[in-house]
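The values are calculated or read from the model by the stated rules, or taken from the named source; none is laboratory data. Since the model is a prediction, treat every value here as computed from it, not as a measurement. All Cβ positions, glycine included, derive from the backbone under ideal geometry; neighbour counts span all protein chains shown. Side chains are part of the model used for accessible areas, which takes the heavy atoms of the whole protein and leaves out ligands, DNA and RNA. Shrake-Rupley method; radii C 1.70, N 1.55, O 1.52, S 1.80 Å.
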Amino acid sequence: MERNLTKFILFCASLLASCQQSYEIQDIEGLWQLETYEQDALAKSFSPVFLEINDNRSFAVSRVKGDLTGVYKLQSDKLEMYSTDVEWFNSTWSVFRYKDLLKLKGKDDRARNVTLSFTRITEVPGFEEFEQTIVGEWELYKIRNGNKVERLHQTVFSIDESGNYSIVAAGDIQESGVAVINTRHRKIIFENDQTEWKAWLYGRELRLTNEKTGVEYSLRRRELSLN
(Lines give C-alpha, C1' and ligand atoms only; values in the text may rest on other atoms or scores of the structure.)
Protein backbone atom coordinates (compact mmCIF):
# COMPACT_ATOMS: atom_id res chain seq x y z
CA MET A 1 0.00 0.00 0.00
CA GLU A 2 2.77 2.42 0.98
CA ARG A 3 4.74 1.58 -2.18
CA ASN A 4 1.67 2.23 -4.34
CA LEU A 5 1.13 5.60 -2.64
CA THR A 6 4.75 6.55 -3.29
CA LYS A 7 4.41 5.62 -6.95
CA PHE A 8 1.22 7.67 -7.22
CA ILE A 9 2.92 10.74 -5.68
CA LEU A 10 5.87 10.41 -8.05
CA PHE A 11 3.50 10.04 -11.01
CA CYS A 12 1.60 13.22 -10.02
CA ALA A 13 4.87 15.13 -9.61
CA SER A 14 6.07 14.08 -13.05
CA LEU A 15 2.69 14.98 -14.56
CA LEU A 16 2.85 18.48 -13.07
CA ALA A 17 6.42 18.90 -14.29
CA SER A 18 5.40 17.92 -17.82
CA CYS A 19 2.57 20.50 -17.77
CA GLN A 20 4.91 23.30 -16.65
CA GLN A 21 5.24 26.12 -19.17
CA SER A 22 8.66 26.67 -20.67
CA TYR A 23 9.53 29.99 -22.32
CA GLU A 24 12.24 31.28 -24.62
CA ILE A 25 13.58 34.82 -24.74
CA GLN A 26 11.53 35.63 -27.84
CA ASP A 27 8.37 34.86 -25.83
CA ILE A 28 8.96 37.74 -23.40
CA GLU A 29 11.05 40.07 -25.54
CA GLY A 30 9.53 43.47 -26.29
CA LEU A 31 7.92 46.48 -24.64
CA TRP A 32 5.37 45.97 -21.86
CA GLN A 33 3.12 48.31 -19.88
CA LEU A 34 2.03 47.52 -16.33
CA GLU A 35 -1.76 47.19 -16.22
CA THR A 36 -2.47 45.77 -12.76
CA TYR A 37 -0.47 45.34 -9.58
CA GLU A 38 -1.69 42.97 -6.86
CA GLN A 39 -0.19 42.58 -3.41
CA ASP A 40 -1.34 39.59 -1.36
CA ALA A 41 -4.24 39.23 -3.86
CA LEU A 42 -5.39 42.86 -3.35
CA ALA A 43 -5.28 45.39 -6.19
CA LYS A 44 -2.94 48.28 -5.46
CA SER A 45 -2.41 51.67 -7.05
CA PHE A 46 0.77 52.40 -8.95
CA SER A 47 2.46 55.01 -11.11
CA PRO A 48 3.12 54.25 -14.80
CA VAL A 49 5.68 51.48 -15.33
CA PHE A 50 7.07 50.37 -18.70
CA LEU A 51 9.32 47.33 -19.01
CA GLU A 52 11.50 46.70 -22.07
CA ILE A 53 12.98 43.21 -22.32
CA ASN A 54 15.77 42.90 -24.88
CA ASP A 55 17.05 39.76 -26.61
CA ASN A 56 20.61 40.41 -25.34
CA ARG A 57 19.48 39.53 -21.79
CA SER A 58 19.18 43.16 -20.67
CA PHE A 59 16.09 45.07 -19.62
CA ALA A 60 15.11 48.69 -19.00
CA VAL A 61 12.37 50.16 -16.82
CA SER A 62 10.76 53.56 -17.37
CA ARG A 63 8.77 54.97 -14.44
CA VAL A 64 7.95 58.24 -12.67
CA LYS A 65 10.30 57.76 -9.70
CA GLY A 66 13.31 57.02 -11.89
CA ASP A 67 14.41 54.82 -14.76
CA LEU A 68 16.75 51.85 -14.39
CA THR A 69 18.46 49.13 -16.36
CA GLY A 70 19.52 45.59 -15.52
CA VAL A 71 20.16 42.11 -16.82
CA TYR A 72 18.08 38.95 -16.61
CA LYS A 73 18.21 35.18 -16.96
CA LEU A 74 15.27 33.09 -18.19
CA GLN A 75 15.07 29.40 -17.36
CA SER A 76 11.87 27.57 -18.24
CA ASP A 77 9.21 29.67 -16.47
CA LYS A 78 11.56 31.46 -14.04
CA LEU A 79 12.76 34.99 -14.75
CA GLU A 80 15.70 36.17 -12.64
CA MET A 81 16.20 39.96 -12.76
CA TYR A 82 19.30 41.77 -11.51
CA SER A 83 19.47 45.55 -11.00
CA THR A 84 19.84 48.20 -8.29
CA ASP A 85 16.06 48.29 -7.75
CA VAL A 86 14.90 47.56 -4.20
CA GLU A 87 11.26 46.85 -4.96
CA TRP A 88 10.50 44.57 -7.95
CA PHE A 89 13.24 44.33 -10.53
CA ASN A 90 15.96 42.61 -8.53
CA SER A 91 14.32 39.26 -7.76
CA THR A 92 13.02 36.03 -9.31
CA TRP A 93 9.57 35.77 -10.90
CA SER A 94 7.35 32.98 -12.16
CA VAL A 95 6.36 33.80 -15.74
CA PHE A 96 3.04 33.31 -17.50
CA ARG A 97 2.54 34.65 -21.01
CA TYR A 98 -0.56 34.41 -23.16
CA LYS A 99 -0.82 36.39 -26.38
CA ASP A 100 -0.24 40.05 -25.40
CA LEU A 101 -0.38 39.40 -21.65
CA LEU A 102 2.73 38.92 -19.51
CA LYS A 103 2.19 38.03 -15.87
CA LEU A 104 4.97 37.92 -13.26
CA LYS A 105 4.38 36.34 -9.87
CA GLY A 106 6.81 36.51 -6.95
CA LYS A 107 7.63 38.44 -3.80
CA ASP A 108 8.64 42.03 -3.20
CA ASP A 109 11.38 43.34 -0.92
CA ARG A 110 9.11 42.74 2.12
CA ALA A 111 8.33 39.12 1.18
CA ARG A 112 4.75 39.97 0.19
CA ASN A 113 3.12 38.02 -2.64
CA VAL A 114 3.05 40.19 -5.74
CA THR A 115 1.49 39.77 -9.19
CA LEU A 116 2.44 42.17 -11.97
CA SER A 117 0.32 42.01 -15.13
CA PHE A 118 1.70 43.67 -18.27
CA THR A 119 0.27 44.15 -21.75
CA ARG A 120 2.38 44.40 -24.88
CA ILE A 121 2.71 47.85 -26.49
CA THR A 122 4.73 49.21 -29.40
CA GLU A 123 5.92 52.47 -27.84
CA VAL A 124 5.88 54.29 -24.52
CA PRO A 125 2.92 56.71 -24.60
CA GLY A 126 3.31 60.31 -23.51
CA PHE A 127 2.25 61.02 -19.97
CA GLU A 128 -0.26 63.56 -21.26
CA GLU A 129 -2.29 60.69 -22.73
CA PHE A 130 -3.38 59.76 -19.22
CA GLU A 131 -5.29 63.04 -18.94
CA GLN A 132 -7.15 62.20 -22.13
CA THR A 133 -8.04 58.82 -20.64
CA ILE A 134 -9.59 60.38 -17.53
CA VAL A 135 -11.62 63.08 -19.29
CA GLY A 136 -15.27 62.09 -19.77
CA GLU A 137 -18.13 60.56 -17.79
CA TRP A 138 -17.73 57.75 -15.28
CA GLU A 139 -20.19 55.77 -13.20
CA LEU A 140 -19.17 56.06 -9.55
CA TYR A 141 -20.41 52.74 -8.19
CA LYS A 142 -18.43 52.14 -5.01
CA ILE A 143 -16.73 54.09 -2.20
CA ARG A 144 -14.34 52.29 0.11
CA ASN A 145 -13.31 53.85 3.42
CA GLY A 146 -11.08 51.43 5.32
CA ASN A 147 -13.14 48.27 5.82
CA LYS A 148 -16.41 50.07 5.08
CA VAL A 149 -17.80 49.75 1.54
CA GLU A 150 -20.67 51.86 0.21
CA ARG A 151 -22.37 50.83 -3.06
CA LEU A 152 -23.81 53.66 -5.13
CA HIS A 153 -26.45 53.77 -7.86
CA GLN A 154 -27.15 56.37 -10.56
CA THR A 155 -24.09 58.39 -9.56
CA VAL A 156 -21.98 59.99 -12.28
CA PHE A 157 -18.55 61.58 -12.00
CA SER A 158 -17.59 63.75 -14.97
CA ILE A 159 -14.54 65.86 -15.78
CA ASP A 160 -13.79 67.90 -18.89
CA GLU A 161 -10.57 68.97 -20.61
CA SER A 162 -10.52 72.24 -18.63
CA GLY A 163 -10.62 70.39 -15.30
CA ASN A 164 -14.24 71.20 -14.46
CA TYR A 165 -15.78 68.27 -12.62
CA SER A 166 -19.08 67.30 -11.04
CA ILE A 167 -20.62 64.44 -9.11
CA VAL A 168 -24.31 63.94 -9.89
CA ALA A 169 -26.52 61.45 -8.02
CA ALA A 170 -29.98 60.65 -9.42
CA GLY A 171 -29.92 63.91 -11.38
CA ASP A 172 -28.90 66.14 -8.43
CA ILE A 173 -25.47 67.79 -8.29
CA GLN A 174 -23.72 66.65 -5.12
CA GLU A 175 -20.40 68.36 -5.78
CA SER A 176 -18.78 70.44 -8.50
CA GLY A 177 -15.74 72.61 -9.03
CA VAL A 178 -12.31 72.63 -10.62
CA ALA A 179 -9.68 69.88 -10.46
CA VAL A 180 -6.02 69.96 -11.44
CA ILE A 181 -4.73 66.81 -13.15
CA ASN A 182 -1.04 66.09 -12.58
CA THR A 183 -0.45 63.94 -15.63
CA ARG A 184 3.13 62.85 -14.94
CA HIS A 185 2.42 61.64 -11.42
CA ARG A 186 -1.17 60.62 -12.14
CA LYS A 187 -2.77 62.60 -9.35
CA ILE A 188 -5.80 64.90 -9.13
CA ILE A 189 -6.27 67.83 -6.74
CA PHE A 190 -9.90 68.88 -6.20
CA GLU A 191 -10.37 72.51 -5.18
CA ASN A 192 -13.00 71.58 -2.56
CA ASP A 193 -10.65 69.55 -0.35
CA GLN A 194 -7.18 70.58 -1.59
CA THR A 195 -5.79 67.08 -1.14
CA GLU A 196 -4.15 64.82 -3.68
CA TRP A 197 -6.03 61.85 -5.06
CA LYS A 198 -4.02 59.19 -6.84
CA ALA A 199 -5.66 58.31 -10.16
CA TRP A 200 -4.93 54.83 -11.47
CA LEU A 201 -6.45 52.35 -13.85
CA TYR A 202 -7.48 48.83 -12.83
CA GLY A 203 -8.05 47.21 -16.18
CA ARG A 204 -10.60 49.51 -17.84
CA GLU A 205 -11.87 50.93 -14.56
CA LEU A 206 -10.67 54.08 -12.81
CA ARG A 207 -9.68 54.28 -9.16
CA LEU A 208 -9.30 57.54 -7.22
CA THR A 209 -7.45 56.99 -3.95
CA ASN A 210 -6.96 59.58 -1.20
CA GLU A 211 -3.99 58.23 0.73
CA LYS A 212 -4.44 60.89 3.43
CA THR A 213 -8.02 59.92 4.32
CA GLY A 214 -8.00 56.30 3.16
CA VAL A 215 -11.00 56.83 0.86
CA GLU A 216 -11.11 55.15 -2.55
CA TYR A 217 -13.59 55.71 -5.39
CA SER A 218 -14.26 52.94 -7.91
CA LEU A 219 -15.51 54.10 -11.30
CA ARG A 220 -16.26 52.54 -14.67
CA ARG A 221 -16.61 54.28 -18.00
CA ARG A 222 -20.20 55.42 -18.57
CA GLU A 223 -21.33 54.19 -21.95
CA LEU A 224 -25.09 53.92 -21.50
CA SER A 225 -27.63 56.13 -19.76
CA LEU A 226 -28.21 55.22 -16.10
CA ASN A 227 -31.88 56.10 -16.39
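The figures follow:
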{"quantity": "Local net charge near R204, Cβ-Cβ under 13 Å (Lys/Arg +1, Asp/Glu -1)", "calculated": "0"}
{"quantity": "Contour excess over end-to-end distance, with Cα ends at V64 and D27 and 0.36 nm allotted per residue", "calculated": "10.6 nm"}
{"quantity": "Efficiency of FRET between Q154 and E211 - r from beta-carbon atoms, R0 30 angstrom, step 0.05", "calculated": "0.60"}
{"quantity": "Distance histogram for the chain (every C-alpha pair counted, 5 angstrom bins, percent rounded to whole numbers)", "calculated": "1, 6, 11, 16, 15, 13, 11, 9, 7, 5, 3, 2, 1, 1, 0, 0"}
{"quantity": "Debye log10 I(q)/I(0) at q = 0.17 Å⁻¹ for segment 140-213, Cα point scatterers", "calculated": "-0.71"}
{"quantity": "Those GluC sites (Glu not before Pro) in segment 34-129 that DSSP places in a loop and that have at most 12 other beta carbons within 10 Å", "calculated": "E87, E123, E128"}
{"quantity": "Virtual spin-label span in nm between R112 and E87, 7 Å along Cα→Cβ", "calculated": "1.1 nm"}
{"quantity": "Computed lengthening from N145 to E161, 0.36 nm per intervening residue step minus Cα-Cα distance", "calculated": "2.9 nm"}
{"quantity": "Probe 1.4 Å, accessible area per residue of the chain, Å²", "calculated": "60 Å²"}
{"quantity": "Cut-off under 5 Å, modelled amide H: who pairs with N182 long-range", "calculated": "K187, I188, I189"}
{"quantity": "Degrees, to the nearest 10: 2-19 long Cα axis against longest axis of the chain", "calculated": "60 degrees"}
{"quantity": "Under the Debye formula (equal points on every Cα, no solvent term), log10 I(q)/I(0) of segment 33-119 at q = 0.24 Å⁻¹", "calculated": "-1.51"}
{"quantity": "Full-extension gain in nm, E137 to D193, via 0.36 nm per residue minus C-alpha separation", "calculated": "18.1 nm"}
